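Structure first, commentary second.
The values are calculated or read from the model by the stated rules, or taken from the named source; none is laboratory data. These figures come from a predicted structure and were not determined experimentally. A quick note on method: Cβ atoms are made from the backbone with ideal geometry, for glycine too, and the neighbour counts reach across all protein chains shown.
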Amino acid sequence: MLGLCFAAPASWALEQGITEKTIRIGANLPLEGDRKVNGLALKRGIEAALANQHVRGLQIEYVALNDFYDPAKSVEVIKQLIDKEIFATLGNYGTPTVKATLPLLAEHKIPVVAPYTGAAFTGPGEILNFRASTASEVESVVDAALAAGVKPSEVCAFVQNDSLGMNGVKGVRSALAKQAGTEKILAKLDQLLNMSGDAPERNGIGPLGVYQRDTTNARDGYLSLKKWETDSGNLCRLVATTGVYDAVASFMAYARYKNEAWVFSSVSTAAGSRLQALLKNKNITDNIITTQVVPPLTSSSPVVSEARKALGENFNEVSLEGYLDAKLMSAILQAIEGPLTRENFLKAARRQPYDLGGLKVDFTGSNQGANLATLSVLKNGQFASASPQELAGLFANSGPRQASAQ
């Protein structure tokens, strides 16, 4: 009997998600429904980077299941993946969906790697964030606007009235808190941030306009910003938006229809080619700033060049992010010392920085591996990297326009 125990197959002692042939990684993604464009792009990027990748002779198997960007469905998907015995998750999509699944993943001690959310979750469980937080993205835009001559009192925001939008407001607050004489504005922002409930009435209070999730109503938020201009005596020269594609584009179009000269910004989750197409349909070809958490698509860095070649016509900011996510996962797996266990995976992640090919990711100090936020400006219908001089020129033309007669 003792001899039989010593002769037991090695697979009996393998960590969940590790077989004699594969390392199984899972994800909940919106592969159908309104957000499938991003979900499919993320999946393409991850699969392109993992193609033919092996760790100690084991193939990395990626299992992505559709959750329609529905938190309740996401929980069911994660349960299915747990039943399939995944080692970790990679690229889980969406702030509300990731938030709903974290307790379950933590319960089963499954690491969460590079979730597609700007919430910068720190728990529950073990989370390794690749993308910069939404707050950091917005803060970078406001910092750039202030450096270009915009006054703190001329910074406004239009956001989705939930945790996603409030993360953007936090970014505005962080930038303004570094400026002198902003106490009154900060008090207004704190009042807005501290309101309780799922979607309290935040319009008409400060330099903020909001819209309700799953709507594209721009008018109420617009009127809130106009009230702020009247009450404060200041113009909104920058309106930092944090929301989803259609709602953000509708708001920008409505403000242009009202002849506002506001400069708008949008975060990475509502940027890129899709936003460009929506704005083109609304005859908007300039005065839009966007942030991205990946290098520019035109970058000559080795990892971007590699992704461009691997993805071909599917190469965009979202698929590039997926590609980088998977490169990170593969690099950490390759660096594991000792048995392939989740514990050793996390030790490897935190032991050293990783160079993905011109992009550094470092978890040695926190669970936030990167804080990259690159700025682009829409000019003549095309987004291109923005220099400080171009931003200064952009804001120089953001004075008042003649009011609409309609």
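Below are the figures for this structure:
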quantity: Test: residue in the stretch 48-61 that is β-branched (Val, Ile, Thr), at pLDDT 95 or above and surrounded by fewer than 24 Cβ atoms within 10 Å (Cβ to Cβ); calculated: yes
quantity: Any hit, the stretch 13-22, residues being in contact (Cβ under 8 Å) with a residue 24 or more places away in the chain and within 25 Å of LEU311 (Cβ to Cβ); calculated: yes
quantity: Filtered residues of the stretch 272-300 (kept if over 20 Å from the mean Cα position of the chain (by Cα), hydrophobic (A, V, I, L, M, F, W, C) and assigned to a loop (DSSP other than H, G, I, E, B)); calculated: ILE284
quantity: Of all residues in the stretch 311-348 being among the small types (Gly, Ala, Ser) and touching a Gly at 6+ places or on another chain (Cβ under 6 Å), the one that is nearest to THR298 (Cα to Cα); calculated: SER319
quantity: For ASN66: the one exception among (1) surrounded by fewer than 22 Cβ atoms within 10 Å (Cβ to Cβ); (2) assigned by TED's automatic domain parsing to the domain that holds ARG308; (3) touching a residue at least 40 places away in the same chain (Cβ under 8 Å); calculated: (3)
quantity: Selected residue (criterion: farthest from GLY118 (Cα to Cα)) from residues of the stretch 81-107 that are crowded, with 23+ Cβ neighbours inside 10 Å and small (Gly, Ala, Ser); calculated: ALA88
quantity: Lone qualifier among PRO115, PRO124 - being on the phi < 0 side of the Ramachandran plot and surrounded by 22 or more Cβ atoms within 10 Å (Cβ to Cβ); calculated: PRO115
quantity: Close pairs from the stretch 360-372: first within 21 Å of THR291 (Cα to Cα), partner hydroxyl-bearing (Ser, Thr, Tyr), Cβ under 7 Å, at least 6 apart; calculated: VAL361/TYR354; ASN371/SER136
quantity: Selection from the stretch 32-64 of residues that are within 20 Å of the chain's Cα centre (by Cα) and assigned to a strand (DSSP E or B); calculated: ALA64
quantity: Filter pass, ARG131 being under 30 Å from GLY171 (Cα atoms) and either touching a Phe, Trp or Tyr at 6+ places or on another chain (Cβ under 8 Å) or not polar (S, T, N, Q) (or both); calculated: yes
quantity: Filter result (closer than 20 Å to ALA132 by Cβ and either acidic (Asp, Glu) or touching a Phe, Trp or Tyr at 6+ places or on another chain (Cβ under 6 Å) (or both)) within the stretch 294-321; calculated: ALA307, GLU317, GLU321
